[in-house]
Structure formats: C-alpha cells, structure tokens
Amino acid sequence: MSHDTVFKMANNKKPLAKKSEKEPSKKSLPPPTNISSFIVILILTLCKKVLLIDTAVKIGTYLLIVLVGSVIADFSVLPKFYLAEKHNILNRFFVRMGWGWTFILLSMYIFMTSYVYTLGYLKNVLKHLCRLAVATFWWYFITSVFRRVEEIVGVCSEPTKGSKMSCVKSGKLWLGFDISGHTFLLIHCLLTISEEVRCFKDWKKLGQILTEDNIVDKRNLKKSDVENSYEAYNLLSPYVKAIFTSLAICTVIFEFMLLITTVYRFHTLSQKVTAAFIAVGCWFISYRILVPSSFDVIKKSGDSVLKFTKLD
C-alpha cells in the first residue's frame, strides 16, 4: 500500500466526539439523618397529627363524644377498671390540675413563639399573652358559677339541713343540678390548646423568612430586629418543640379522660352536655368575637409583621 493511500485513509477517519465541556452538575444530596434526628422528626410528626386538627372538627368530635358517651352511660353498665375510678392518678394529677398544666405550658409556648415573630417587642408579646388571661378568667368564673348553681337549685335529703356544707357534713345527700366541671374543664383546655398551637405548622417557614436576603427592605424592618429575632429563633426552637410535644401528650390524656368521664356515670347526660356547650361557648366568645374585635388590645395567635402564617 502506497504512502498516499495511507495518508488518505488517515484523513478520512472521523474525529472522536468531544465530551461536552459543560456537563450537567449533579445535585448534592442532603446529609444523612442520624437516629436522634429521625426520632425527633417522627415525634413531631405524630404530635402535629394530634394537635393541628382544625378546631371546628375537634368541637364536633368532642360534642359527639359527650352525647354518645352519656347515652351509653345511661343505658348500659360498663365494667369498672382503675382509670375509671375517681381517684386514679390521671384524674388526680392531670384532670383536677388540668388548667394548671395547660396554663404553664401555654404561657411558655406563647411567650417564646411570640417573642420570635414579634421581633422581640415585649409590648406585643403581652398582647398575645392576653388570650391566655381571658381563658383563665373563663376557667375561674365558670367553675365558680357551677358551684353556685348547684347550691342554689339543690336540696338536702334531710330537710333540716339548709346548706350544702351542713348537709354533706352530717352525712346526708345533696341533690342538685351538678354541671360537670370535669367535662367543661377538659373541653376548655383542649380547645384553648388547639387554638394556641396553630402557628406551629408554619414555624419552619418563619425561620426561612427570617433568612431572606431582602426581608429588611421588603418588609420595612430594622436589620437589628431581624437579626435578634433569628438568633432567638435558633435558641428557642428546641424548647418550643419540647413544649409542643408536652402539649400533645396533655391533649391525648385529656381526650382519653373526656371519654372516660362521659361513658361512666359520674354525671347525668344533661349535666355533661350543658358543660360541653358552655365550654364551646367560651371558646366562641373568646376566639371568634373578643379577640378579632379587641382593636389590637389582644392579638391573634401568629399575628406578626412577618406574615408567616394564615390568620382566620
């Protein structure tokens, strides 16, 4: 074969295709989740399932439980067990002290969360805490009214004993319209918790908003306020999540004890249903009338210049 032929064959060979200089960059994978982080995520997910149900749905569920449970209690005799006794540990330390647990946990939760989304302005934090003051008023006022009603309309099995105190001390039976304080207390606590924790569903979104590049100019805020708020967000988030989890545990206990209270004959159907509707009435007056029409004296849960969550 001649040199000219070899030269032509070499020239006729097609050049190899060059690799594209700009290959598509691979997306970086998130770091692997360790066991502790996975457990925290799992717990918070379960807690959200418990707490972040629409309040209207909860109201319907609680009223149905009270009505159906009271009918069951009136027409059947269920077997007794430890948690159905009045002196069980849940009743003594959680139900009777129910508003105490609710007040302590919610006061810490409202203070920490509102401190972050109000940019640390204590005046606005106090406006958020006012909601809890209203709920505390209802707890004290309504339970006092219940006791007074029972004394006014009641009579002693021994006619010579005029007051409830003298009747009970003498070992006689006081017959009155004893509105179920347990039913009212449990539903009042449950609805208050439900309303107050709603902003937690957008808690992660709040942290993202605080790190936006143009947040200061876009929302006309002070840079120092945003920086302090983001620092507080990082510092308080673990405590907020812990309190949120504690409130979920309280909610499960309160709902279980509401069921026990209604299906066992501690009160009549009318006494339990009356208490349930009064509790719903207090919720409606507070969160659907008083707070929205308070002329900024009492702020809604999640109300913030950052507008991180939806307000009804």
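The values are calculated or read from the model by the stated rules, or taken from the named source; none is laboratory data. For clarity, every value in this text was computed on a predicted model and none was experimentally measured. Here Cβ is always computed from backbone atoms with ideal geometry, including for glycine, and neighbour counts include all displayed protein chains. Calculation scope for accessible area: heavy atoms of the full protein, side chains included, ligands and nucleic acids excluded. Shrake-Rupley method; radii C 1.70, N 1.55, O 1.52, S 1.80 Å.
Scoring Phe81 on the criteria (1) modelled with pLDDT under 95; (2) surrounded by 12 or more Cβ atoms within 10 Å (Cβ to Cβ) leaves a single failure, condition (2).
Yes or no: segment 216-231 includes at least one residue that is more than 26 Å from Ser304 (Cβ to Cβ) and acidic (Asp, Glu). Working first, answer last.
Quick first cut of segment 216-231, residues more than 26 Å from Ser304 (Cβ to Cβ) only: none.
No, every residue in segment 216-231 fails to be more than 26 Å from Ser304 (Cβ to Cβ) and acidic (Asp, Glu).
Can you find a residue that is modelled with pLDDT of 90 or more and either in a loop (DSSP other than H, G, I, E, B) or touching an Asp or Glu at 6+ places or on another chain (Cβ under 7 Å) (or both) anywhere in segment 65-72? Checked against the condition, which is being modelled with pLDDT of 90 or more and either in a loop (DSSP other than H, G, I, E, B) or touching an Asp or Glu at 6+ places or on another chain (Cβ under 7 Å) (or both), segment 65-72 yields no hits at all.
Specify which of the listed residues (Lys164, Lys127) is of a type in the set (Lys, Arg) and modelled with pLDDT of 95 or more. Before the answer, list the steps.
Values: Lys164 fails: modelled with pLDDT of 95 or more.
Unique residue meeting the criteria: Lys127.
Conditions (1) closer than 23 Å to Val50 by Cα; (2) modelled with pLDDT of 95 or more; (3) under 18 Å from the mean Cα position of the chain (by Cα), marked per residue:
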site: Pro238; (1), (2), (3): yes, yes, yes
site: Phe244; (1), (2), (3): yes, yes, yes
site: Leu247; (1), (2), (3): yes, yes, yes
site: Ile260; (1), (2), (3): yes, no, no
site: Phe266; (1), (2), (3): no, no, no
site: Val280; (1), (2), (3): yes, yes, yes
site: Ser293; (1), (2), (3): no, no, no
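Which one is farthest from Phe111 (Cα to Cα) among residues in segment 132-164 that are surrounded by fewer than 14 Cβ atoms within 10 Å (Cβ to Cβ) and in contact with a strand residue (DSSP E or B) (Cβ under 9 Å, 6 or more places away or on another chain)? Here the residue is Ser157.
Kindly provide the set of residues from segment 226-262 that are farther than 30 Å from Lys205 by Cα and either in contact with a strand residue (DSSP E or B) (Cβ under 7 Å, 6 or more places away or on another chain) or open to solvent by less than 20 Å² (accessible area, probe 1.4 Å) (or both), ordered by number. Of everything in segment 226-262, those that are farther than 30 Å from Lys205 by Cα and either in contact with a strand residue (DSSP E or B) (Cβ under 7 Å, 6 or more places away or on another chain) or open to solvent by less than 20 Å² (accessible area, probe 1.4 Å) (or both) turn out to be Met257, Leu258, Ile260, Thr261, Thr262.
Scan segment 300-308 and tell me whether some residue there is among the aliphatic types (A, V, I, L, M) and in a helix (DSSP H, G or I). Outline the logic, then answer.
Narrowing segment 300-308 to residues among the aliphatic types (A, V, I, L, M): 305-306.
Now drop any that are not in a helix (DSSP H, G or I), which leaves none.
Checking segment 300-308: not a single residue is among the aliphatic types (A, V, I, L, M) and in a helix (DSSP H, G or I).
Let me confirm something: among Gly207, Gly302, which residue is open to solvent by less than 60 Å² (accessible area, probe 1.4 Å), at positive phi and either hydrophobic (A, V, I, L, M, F, W, C) or modelled with pLDDT under 95 (or both)? If you could, list the steps in order and put the result at the bottom.
Working: Gly207 fails: at positive phi.
Just a single option satisfies the conditions, and that option is Gly302.
Screening Ile215 against (1) farther than 28 Å from Thr136 by Cα; (2) open to solvent by 60 Å² or more (accessible area, probe 1.4 Å) leaves a single unmet condition, (2).
I need the full set of residues from segment 87-98 which are closer than 14 Å to Thr183 by Cβ and either modelled with pLDDT of 95 or more or open to solvent by 80 Å² or more (accessible area, probe 1.4 Å) (or both), in order please. Give the derivation first.
Within segment 87-98, the subset closer than 14 Å to Thr183 by Cβ is 91, 95-96, 98.
Hit for segment 87-98 is Arg96, nothing else.
Considering the conditions (1) in contact with a helix residue (DSSP H, G or I) (Cβ under 9 Å, 6 or more places away or on another chain); (2) surrounded by fewer than 16 Cβ atoms within 10 Å (Cβ to Cβ); (3) free of Cβ contacts under 8 Å to residues at least 60 places away in the same chain; (4) under 28 Å from Tyr140 (Cα atoms), Phe177 is excluded by exactly one of them, (3). Among the residues making up segment 263-277, those that are out of contact with any Leu (no Cβ under 7 Å at 6 or more places or on another chain), farther than 24 Å from Phe81 by Cα and either polar (S, T, N, Q) or surrounded by 19 or more Cβ atoms within 10 Å (Cβ to Cβ) (or both) are Ser270, Thr274, Ala275. Search segment 271-299 for residues being of a type in the set (Ser, Thr, Tyr) and in a loop (DSSP other than H, G, I, E, B), and hand back the single one that is nearest to Ser229 (Cα to Cα). Checking each candidate, the answer is Ser294.
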